[in-house]
Amino acid sequence: MTGAANLRQTLRDIEVFSGELPGFDPTTAPDTPVELFTEWLLEALSAGVKEPHAMTLATADASGDPTARVLILKDVSTQGWQFASAANSPKGRDLAARPCAALTFYWAPLARQVRVRGPVVRETPEACAADFLARGAGARAEALLGRQSQPLADLAERDAQVETSLTRIKSEPNLVAPDWTLYSVRPESVEFWQGDKQRRHTRLVYLSTPDGWTRQMLWP
């Protein structure tokens, strides 16, 4: 059997939806997606899911080419789902060209995922600065360099520049990276997906309308 065939079989043999899965009755779901998301996130945290606030952010550049990466959720409110990045980063440039995005959360032990899609807005300079200053020293030091995704010659160069940046932070504790931006996804749709061992997955999507949120169940 070839290596490719071995891998194909290995992938097929991986168990999915193992363990006891929670139920989900969409008819009893709350009126807004923020309420249900908060419930699910806290349940994931209680169930021991590691980093339940990690999410995949998908964007597209000016040509429409998509890309995705994993970020940390900063907050959720009626104003949207928040994340932060430098405006001059690849994701920041994507959002400047096409200010819309999709977020995906997946909590494997519970077989649950949440999908958020909508336009993206930049928060106020004050909110951006507050988010930056709430970061750890190492994260601030790296962000101050403003070189995310640029070519790197070697790791020693990275470490030396971060150390220099850390020294700067110690002498200027209120320093804020000028391009640091707090973004909010203002959702047009939020889908909640509950997996099932028999593949009878339960899906509920909230759709934004001028009159508020409507709910719709979807086929698996």
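The values are calculated or read from the model by the stated rules, or taken from the named source; none is laboratory data. This structure is a prediction, so every number in the text was calculated from the model and none was measured. We work out accessible area using only protein heavy atoms, side chains counted, and drop any ligands, DNA or RNA first. Shrake-Rupley method; radii C 1.70, N 1.55, O 1.52, S 1.80 Å.
Determine the per residue accessible area of segment 18-58 with all protein chains present and a 1.4 angstrom probe, expressed in square angstrom.
Numbers: 2270 Å² over 41 residues.
In whole numbers, segment 18-58 has 55 Å² accessible per residue.
Measure out, as a whole number of angstrom, how far apart the alpha-carbon centroids of segment 110-184 and segment 60-109 sit.
The distance from the Cα centre of segment 110-184 to that of segment 60-109 comes to 14 Å.
Treat segment 114-220 as a sphere of radius equal to its Kirkwood radius over Cα pairs and apply Stokes-Einstein at 4 °C in a medium of 1.567 mPa s; give the translational diffusion coefficient in µm²/s, rounded to a whole number.
On the way: Rh = 17.5 Å.
Approximately 74 µm²/s, per Stokes-Einstein.
Roughly how many Å² is the accessible area per residue of segment 148-217, as a whole number, for a 1.4 Å probe? Could the numbers behind the result be given before it?
Details: 4500 Å² over 70 residues.
So segment 148-217 comes to 64 Å² accessible per residue, rounded to a whole number.
Roughly how many percent of the accessible protein surface of segment 37-137 is carbon and sulfur, given a 1.4 Å probe and a whole-percent answer? Before the final figure, lay out the partial values.
Numbers: 2770 of 5020 Å².
C and S fraction of accessible area: 55 percent.
Can you give the convex hull volume per residue for the Cα atoms of the chain, as a whole number of Å³?
Working: hull volume 40.6 nm³, N = 220.
Convex hull volume per residue, Cα atoms: 184 Å³.
Taking Cα atoms of segment 47-153, Rg/Rh with Kirkwood Rh, to two decimals?
On the way: Rg = 14.7 Å, Rh = 15.2 Å.
Rg divided by Rh gives 0.97.
For a quick check: with amide H placed at 1.01 Å from N, whose amide H comes under 5 Å from Lys74's, ignoring anything fewer than 5 positions away on the same chain?
Placed amide hydrogens put Gln82, Phe83 under 5 Å from Lys74.
Can you sort Leu155, Leu145 by 1.4 Å-probe accessible area, starting with the largest?
The most accessible residue leads, giving Leu155, Leu145.
Calculate, in nm to one decimal, what Glu51 and Glu126 gain on full extension: separation in residues at 0.36 nm each, minus their alpha carbon distance.
Values: separation 75, 0.36 × 75 = 27.00 nm, distance 2.71 nm.
Stretched out fully, the Glu51 to Glu126 stretch lengthens by 24.3 nm.
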